[in-house]
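To start, the structure under review is shown below, and the notes come after it.
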Ligand code: IMP
Ligand code: MG
């Protein structure tokens, strides 16, 4: 490792949660820092149980991992407390003093705005909460009594861990094409989702990062409105085994085949050093559960090779099923 940034390459839902859970157990991770907000859900399957986490970092499955919520985050206090309970991480999770708070009014504004509705937002209030922060009138974590036991200086803790050579993961949310700066504006989320922004939200400088791991799914999905090149119908997606519903909102995900041009853009803007290619088993069913590259059928191997050739970045991880350990580790 020691400091890795994990970022989504498409429109989110690439399977970052699954890759994080694998790294949490294998490295193992000492520190996992969550960025973004409750609009994003990271799905983690562990010991037969499914978690869809909106606030608690995905590294929670390794019981010694310190879990931190970055100062750039927008914290939904109720979701945070519920997930802390659900995952049993009360004594090892921290929230930065300066993380800002999503209040009930923000979710109401999000749902009531015809404009935001037209963008197909998640309705969790993140856009209005970010607006409030930009106006400098947002409530911060340090102003909320229920968060008092969790308050931390995330940048200080994270940099100290990096300085000691510990395994640190900065957990990005959503994907490059939902970035406020680099995505399909205005059909984007309210923040930059690139690796640089993940560092900035966490308080980690670019010289401290060793790896940028970009997660690409073997096909593309998108929820909400906006362009999706090569989009196929819901019926076709169901036929191909590509039909998904959103972990956070339950909405249907639109689907399209893998796109090399978009993959190159994601690799470029994130400054990727490694790629994780997930859900290969959904495109090549005989890959299901494979844990060695040689066990893959020729056409699946060719696809992985093509991703490497087109992006010039090594595919170090290949996802072959939902469990944390259904994965080919090519490092
Ligand atoms: P917002 O982030 O709720 O404002 O929604 C803006 C756009 O980003 C909409 O198209 C959402 O569907 C999309 N979006 C937000 N978070 C996620 C996510 O975690 N995964 C996939 N799409 C997301
Ligand atoms: Mg998701």
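The values are calculated or read from the model by the stated rules, or taken from the named source; none is laboratory data. This one's a predicted model, so the numbers in the text were calculated from it and none came from an experiment. Quick reminder, even Gly has a Cβ in these numbers, built from the backbone with ideal geometry, and neighbours come from all protein chains shown.
Taking region 132-147 as the search range and keeping residues that are within 22 Å of residue 202 (Cβ to Cβ) and out of contact with any strand residue (DSSP E or B) (no Cβ under 9 Å at 6 or more places or on another chain), which one is farthest from ligand 2 (Cβ to nearest atom)? Steps first, answer last, please.
Step one: filter region 132-147 for residues within 22 Å of residue 202 (Cβ to Cβ), giving 132-134, 136, 138-144, 147.
Of the ones still in play, those that are also out of contact with any strand residue (DSSP E or B) (no Cβ under 9 Å at 6 or more places or on another chain) are 134, 136.
Working: 134: 25, 136: 30 Å.
In this case the residue turns out to be 136.
Just to be sure before I move on: is residue 238 free of Cβ contacts under 8 Å to residues at least 60 places away in the same chain and farther than 29 Å from residue 124 by Cβ in the structure I sent?
It is false that residue 238 is free of Cβ contacts under 8 Å to residues at least 60 places away in the same chain and farther than 29 Å from residue 124 by Cβ.
Just to be sure before I move on: is residue 147 farther than 30 Å from residue 187 by Cα and away from ligand 1 (no atom under 16 Å from the Cβ) in the structure I sent? Reasoning before the result, please.
Details: farther than 30 Å from residue 187 by Cα: yes; away from ligand 1 (no atom under 16 Å from the Cβ): yes.
The answer is yes for residue 147.
Could you count how many residues in region 156-193 are away from ligand 1 (no atom under 13 Å from the Cβ) and either closer than 14 Å to residue 29 by Cα or at pLDDT below 95 (or both)? Steps first, please.
Filtering region 156-193 for residues away from ligand 1 (no atom under 13 Å from the Cβ) gives 156-170, 181-182.
Next, only the ones that are either closer than 14 Å to residue 29 by Cα or at pLDDT below 95 (or both) stay: 158, 161-162, 164-170.
Residues meeting the conditions: 10.
What tally of residues in region 8-28 results from selecting those that are away from ligand 1 (no atom under 12 Å from the Cβ) and either under 17 Å from residue 43 (Cβ atoms) or assigned to a loop (DSSP other than H, G, I, E, B) (or both)?
Looking only at that region, the number is 11.
Name the single residue that is surrounded by the fewest Cβ atoms within 10 Å (Cβ to Cβ) among those in region 3-19 being more than 9 Å from the chain's Cα centre (by Cα) and within 13 Å of ligand 2 (Cβ to nearest atom).
Out of the qualifying residues, it is 19.
Which residues, counting only those in region 78-108, are farther than 26 Å from residue 204 by Cβ and either exposed (fewer than 15 other Cβ atoms within 10 Å of the Cβ) or at pLDDT below 95 (or both)?
78, 82, 85, 86, 88, 104, 105, 108
Scan region 253-263 and tell me whether some residue there is within 11 Å of ligand 1 (Cβ to nearest atom) and free of Cβ contacts under 8 Å to residues at least 60 places away in the same chain. Full working, then the answer.
The initial filter retains those residues of region 253-263 that are within 11 Å of ligand 1 (Cβ to nearest atom), namely 253-254.
Okay, now just the ones that are also free of Cβ contacts under 8 Å to residues at least 60 places away in the same chain, so 254.
Yes: region 253-263 contains one or more residues that are within 11 Å of ligand 1 (Cβ to nearest atom) and free of Cβ contacts under 8 Å to residues at least 60 places away in the same chain.
Only residues that are touching a helix residue (DSSP H, G or I) at 6+ places or on another chain (Cβ under 7 Å), in a loop (DSSP other than H, G, I, E, B) and within 16 Å of ligand 2 (Cβ to nearest atom): list them for region 219-233, please. Don't jump to the end; show me each part of the working.
Within region 219-233, the first condition is being touching a helix residue (DSSP H, G or I) at 6+ places or on another chain (Cβ under 7 Å), and the residues that meet it are 219, 224-225.
With in a loop (DSSP other than H, G, I, E, B) added as a condition, the list becomes 224-225.
Scanning region 219-233 gives a single hit, 224.
Give the residues of region 145-164 that are under 26 Å from residue 214 (Cβ atoms) and within 24 Å of the chain's Cα centre (by Cα), sorted by residue number. Let's see the steps before the verdict.
First, the residues of region 145-164 that are under 26 Å from residue 214 (Cβ atoms): 154-155, 157-159, 161-163.
Hits for region 145-164 are 154, 155, 157, 158, 159, 161, 162.
If a residue has to be in a helix (DSSP H, G or I) and over 15 Å from residue 37 (Cβ atoms) to count, how many in region 105-120 make the cut? Give the derivation first.
Going residue by residue through region 105-120, those that are in a helix (DSSP H, G or I) are 105-112, 114-119.
Remaining after also requiring over 15 Å from residue 37 (Cβ atoms): 105, 108, 111-112, 114-115, 117-119.
Qualifying residue count, region 105-120: 9.
Answer with yes or no whether residue 186 is farther than 20 Å from residue 96 by Cα, exposed (fewer than 14 other Cβ atoms within 10 Å of the Cβ) and in contact with a helix residue (DSSP H, G or I) (Cβ under 9 Å, 6 or more places away or on another chain).
Here the answer is yes, as residue 186 does meet what is asked.
Would you point out the residue of region 29-43, among those that are within 11 Å of ligand 2 (Cβ to nearest atom) and either on the phi > 0 side of the Ramachandran plot or outside any loop (DSSP other than H, G, I, E, B) (or both), that is surrounded by the fewest Cβ atoms within 10 Å (Cβ to Cβ)?
Here the residue is 43.
Residues in region 192-202 that are surrounded by fewer than 24 Cβ atoms within 10 Å (Cβ to Cβ) and closer than 19 Å to residue 102 by Cα: how many?
Count: 1.
Taking region 285-322, which residues are touching a helix residue (DSSP H, G or I) at 6+ places or on another chain (Cβ under 8 Å) and touching a residue at least 60 places away in the same chain (Cβ under 8 Å)?
Residues satisfying the conditions are 303, 307, 313, 317, 319, 322.
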